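These notes are about the structure you will find just below.
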Amino acid sequence: MDWHLIIAATIKIVVFVFLTTLPLVAMSVWAERRVSAAIQDRVGPNRVGPFGLLQAVADGIKFLLKEDFTPNHVRKGYFWLAPALVMVPALLTCAVIPFGSKLFGEKMVIADLNVGPLFVFAIASLSVYGIVLAGWASNSKYPFLGGVRSTSQMISYEISLGLSIVPLIMIYGELNLGRIVQYQADNGWALLPLWGEGLSVQGWVLTIPVFVSFVIFMTSMFAETNRLPFDLPECETELVAGYHTEYSSMKFALFFLGEYAAMIIGSGLAVTLFLGGWSLPFGWLSPENTEAAVPWWHGLIHIGVYFSKVIVLILFFIVVRWTLPRFRYDQLMRLGWVFFFEIALFNVVLTAALLWWFNKPVS
Amino acid sequence: MTFLFYLFAAMALIGGVGVVVNKNPVSAAFAMILSFLGLAALFIQLNAYLVGILQILVYAGAIMVLFLFIIMLMNVEEEEKRKFPIVNALGGSGVAIAFAILLATVLKRSEIGNAGLPRLSVAEGPGNSDVHRIGELLFSHYWFPIQMVGILLLVATVGAVVLSKKQLK
């Protein structure tokens, strides 16, 4: 047993998942309420602590102290299992996302897998079980309808989500998220090829399929995390509250937090794939390769850069939620199957053709 | 790391037994997911990351979701009331035992275990992961079977569309 590896991994798990991502979840709930208030010309929560920053703590205490009521007609075992099955996959996917370059010689990623994006999709696809089970175990009409809606929605959009990143993987030729970020630090972010090898006709032309991918990826992420404009599974006007109608107290909070955690991980993946992860623009302060030593203050800056980008994307998620109205269910399915699926497929072919054209051997 | 092997092997086996024993179809489906996850972990322990992850992505994440979806639309209570079919159980165990004996005999006579499998060198570094190797093999050496499988799946998809259209009339 290699104790050094185990201790380092434990510290990274505790600091990144429990001391950073979970508080970020709580803070994004606060941000959601403040931003929505600003958009609707209200004040929002501003009583607890400065600017209401401690509102998250108050919410947490409220959820913990409320009565945990289990209705009589539910299927008990599965009713208890469902909230955990929503939360656990969302946190598990943190494992492969690089949240910094290196700090004191340690790579700032919990598991440096060679199948990074696939791992995220595989684990994220398990989170649908929590919602299906919640809908079924509640044993009443509205939750069941919400669960059914959510399942078909998540399965449909998983396809376009998976297909949308294929062009990027073809451009990088790599599935290791750490090396993908390093490539972008050297050769320009996927969406901003302004330095390195990105500063060429090939780099600029390839931003077209990358941009299409980015739009499909972000939209599918909204559908996957069940957020407005795609929050049909918990649509209040039709389904009361959808799959978590029968839940109260901390079990409800777990659904709520699971949604935000999935949103944060989705933002993290988008930052890593499209926006250069922890790297600063123009390759400033970036190490020469993934194995090179990094001074500790560069490492800290990289971690800061990663989280700033994630926070910007979270704010984008929040602003979209309070800007767009909800889709109708048939529109949602049409968008997923008739438009995104085909566009994503065509995008893959287009990228392949472009890559072949630019890298064609000169005869 | 043999401890982990036993843990995940037990997980896969318990899941497998659970599929057969559980009367509630939803519980049986979940036991199957447990078994798939154990299997995926075993693949990953063998350094076959891609196979393990695809096991989760395809079987646990896609196929079982559809299974569960269909099961939940059925009437679960009716299934639970069903009596335990003793004859079927005896027949099933007979087949399973016969297969185990067959497997044991074949493995005993084969030479696989004696020589030891050749070690794969999966060196770390860009362009040299198991994903790259599998991809290269699939699209160079096995390109014809890959194309055939693709056409087969396309035919199945077209067939499903045609069949569902027919029922609408």
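The values are calculated or read from the model by the stated rules, or taken from the named source; none is laboratory data. Predicted model only: the values in this text are computed from it and were never measured. All Cβ positions, glycine included, derive from the backbone under ideal geometry; neighbour counts span all protein chains shown.
Could you say whether any residue in segment A:193-216 is in contact (Cβ under 8 Å) with a residue 40 or more places away in the chain, touching an Asp or Glu at 6+ places or on another chain (Cβ under 8 Å) and within 13 Å of chain B (Cβ to nearest Cβ)?
For segment A:193-216, residues in contact (Cβ under 8 Å) with a residue 40 or more places away in the chain, touching an Asp or Glu at 6+ places or on another chain (Cβ under 8 Å) and within 13 Å of chain B (Cβ to nearest Cβ): absent.
Given the criterion at the interface with another protein chain (Cβ under 10 Å from one of its Cβ atoms), out of contact with any Phe, Trp or Tyr (no Cβ under 6 Å at 6 or more places or on another chain) and assigned to a helix (DSSP H, G or I), identify the matching residue among B:VAL87, B:VAL65, B:VAL95.
None of the other options fit; the residue is B:VAL65.
How many of the residues making up segment A:93-110 are part of a strand (DSSP E or B) and away from every other protein chain (no Cβ under 14 Å)?
3
Any residue that is of a type in the set (A, V, I, L, M), outside any helix (DSSP H, G or I) and either touching a Cys at 6+ places or on another chain (Cβ under 7 Å) or away from chain B (no Cβ under 12 Å) (or both) - is there at least one of those in segment A:170-191?
yes
Would you mind finding the one in A:TRP356, A:TRP278 that is within 26 Å of A:PRO167 (Cβ to Cβ) and loosely packed, with under 13 Cβ neighbours inside 10 Å?
A:TRP356
Run A:GLU197 past the list (1) among the acidic types (Asp, Glu); (2) surrounded by fewer than 18 Cβ atoms within 10 Å (Cβ to Cβ); (3) farther than 22 Å from A:TRP356 by Cβ and report the number of the one that doesn't hold.
If we test A:GLU197 against (1) among the acidic types (Asp, Glu); (2) surrounded by fewer than 18 Cβ atoms within 10 Å (Cβ to Cβ); (3) farther than 22 Å from A:TRP356 by Cβ, just (3) comes out false.
Got at least one residue in segment A:111-125 being assigned to a loop (DSSP other than H, G, I, E, B), away from every other protein chain (no Cβ under 12 Å) and either among the aliphatic types (A, V, I, L, M) or surrounded by fewer than 16 Cβ atoms within 10 Å (Cβ to Cβ) (or both)?
No, there is no match, as no residue in segment A:111-125 is assigned to a loop (DSSP other than H, G, I, E, B), away from every other protein chain (no Cβ under 12 Å) and either among the aliphatic types (A, V, I, L, M) or surrounded by fewer than 16 Cβ atoms within 10 Å (Cβ to Cβ) (or both).
Examine segment A:75-91 for a residue that is assigned to a helix (DSSP H, G or I), within 13 Å of another protein chain (Cβ to nearest Cβ), surrounded by 23 or more Cβ atoms within 10 Å (Cβ to Cβ) and at pLDDT below 85, and state whether such a residue exists.
no
Hey, among the residues in segment A:282-329 that are among the charged types (D, E, K, R) and in contact (Cβ under 8 Å) with a residue 12 or more places away in the chain, which one's surrounded by the fewest Cβ atoms within 10 Å (Cβ to Cβ)?
Here the residue is A:ARG326.
Out of all the residues in segment A:133-142, which are within 12 Å of chain B (Cβ to nearest Cβ) and in contact (Cβ under 8 Å) with a residue 60 or more places away in the chain?
A:ALA134, A:GLY135, A:TRP136, A:ALA137, A:SER138, A:ASN139, listed by residue number.
Restricting segment B:42-58 to residues that are part of a helix (DSSP H, G or I) and more than 12 Å from every other protein chain (Cβ to nearest Cβ), which is surrounded by the most Cβ atoms within 10 Å (Cβ to Cβ)?
Here the residue is B:LEU42.
Check whether at least one residue in segment A:330-339 is crowded, with 22+ Cβ neighbours inside 10 Å and assigned to a helix (DSSP H, G or I), and report yes or no.
yes
Is at least one residue of segment B:52-67 free of Cβ contacts under 8 Å to residues at least 12 places away in the same chain, assigned by TED's automatic domain parsing to the domain that holds B:PHE30 and more than 23 Å from A:THR93 (Cα to Cα)?
The answer is no, given that none of the residues of segment B:52-67 is free of Cβ contacts under 8 Å to residues at least 12 places away in the same chain, assigned by TED's automatic domain parsing to the domain that holds B:PHE30 and more than 23 Å from A:THR93 (Cα to Cα).
Given the residues A:GLY178, A:GLY146, which is the only one that is under 28 Å from A:ALA134 (Cβ atoms), of a type outside the set (A, V, I, L, M, F, W, C) and modelled with pLDDT of 80 or more?
A:GLY146
How many residues, within segment B:29-41, are within 11 Å of chain A (Cβ to nearest Cβ) and closer than 19 Å to A:TYR78 by Cβ?
So the answer is 5.
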